Amino acid sequence: MTELGTRPALVGIAGGIGAGKSVVSRVLRLRGYKVYDCDSRARELMDTSVDIKEALCRWCGEEIIDAEGCIDRVRLGKLFFADAGLRSRVNTLVHKRVREDVERFVTESEGAAVFVEAAVMATSGLADICDMVIWVTAPETVRIKRAMERDGMERDSVLARIDSQRHELEALQAHSLKVVEIINDDTVPLLSQISRITDSLEALVKI
């Protein structure tokens, strides 16, 4: 990481499924901050990167690319979750490209801080380039209800996803960077929690 003051602070937005990361990101955008969405950018990078497509063709066969030249995500998903070795190779490749893209995003940005939203902040390596991370949390019952209503997932599928993501907070806490919790349970005021974080970032830049 470069020294704060020579570039905007990079703040991660992390949290498990249904925690409400996207709500925090939306508030920050409305307040004028730039937020890098790893999920959407990863899809764009996968569909536009020749290297990624060539690697997927080697690992999965040429039929992994559809008639429009985009990745067949239904086919890839079936292979991805059935093969731990393939999953590791794809994640390593895509995470590397996303990290490079985030670093470019920060370099080209101005202001006190920019944000990056990612479900896997620690295991993707993004935590290594962040100055701090916001961990968005909510009670498990709330998270299950949100995910079922938003994504149409079955309860067991949501629980399995929650279980697979439990290590993320521990992994983040193992880093030397600061982790700040935001409670997004539809009861504790959200805007004041976000304001405390952005105010502290703005004050840090003025020192």
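Report the residue, chosen from ASP163, ASP101, ASP37, that carries the largest GNM mean-square fluctuation when the chain is represented by alpha-carbon nodes joined by springs under 10 Å. Greatest mean-square fluctuation among the candidates belongs to ASP163. The residues VAL179, VAL114, when put in order of fewest to most other Cβ atoms within 10 Å, stand as VAL179, VAL114. Only helical runs count toward this figure. For the chain, summing -39,500 (n - 2.57) over DSSP H runs of n ≥ 4 and dividing by all residues gives -17000 deg cm²/dmol at 222 nm.
In order along region 150-163, the phi-based Karplus estimate (6.51 cos²θ - 1.76 cosθ + 1.60, θ = phi - 60°) of 3J(HN,Hα) comes to 6, 9, x, 7, 6, 4, 4, 5, 5, 4, 5, 5, 4, 5 Hz; Gly and Pro are listed as x. Backbone amide hydrogens, once placed in the peptide plane, bring ILE182 within less than 5 Å of TRP135, VAL136, THR137, excluding anything fewer than 5 places away on its chain. Within the chain, count lysine pairs with alpha carbon atoms under 27 angstrom apart where the residues are 8 or more positions apart or belong to different chains. Count of close lysine pairs: 14.
Loop-located GluC sites (Glu not before Pro) across region 1-76 with a Cβ neighbour count of 16 or fewer within 10 Å are GLU3, GLU68, with loop assigned by DSSP. Each of ILE65, VAL158, VAL27 was placed along the dipole of the chain (beta-carbon charges, centred on the mean Cα), and the one lying farthest toward the positive end is VAL27. The GNM of the chain, with springs linking C-alpha atoms under 10 angstrom apart, assigns the highest mean-square fluctuation among ALA112, ALA84, ALA19 to ALA84.
Taking springs between alpha-carbon atoms closer than 10 angstrom, which of ASP151, ASP131, ASP47 fluctuates most in the Gaussian network model of the chain? In this elastic network of the chain, the residue with the biggest mean-square fluctuation among ASP151, ASP131, ASP47 is ASP151.
For GluC sites (Glu not before Pro), the sites in region 76-143 that DSSP calls loop and that have at most 14 other Cβ atoms within 10 Å are GLU108, GLU110.
Calculate how many DSSP beta bridges within the chain are antiparallel, expressed in % of all such bridges and rounded to the nearest 5.
Working: 1 of 19 bridges.
Around 5 percent of the beta bridges assigned by DSSP in the chain are antiparallel ones.
Where a number appears in this text, it was derived from the coordinates with a stated rule and is not lab data. What you see is a predicted model; the values in this text were computed from it and never measured. Don't worry about glycine lacking a Cβ; one is built from the backbone with ideal geometry, like all the others, and counts go over all protein chains shown.
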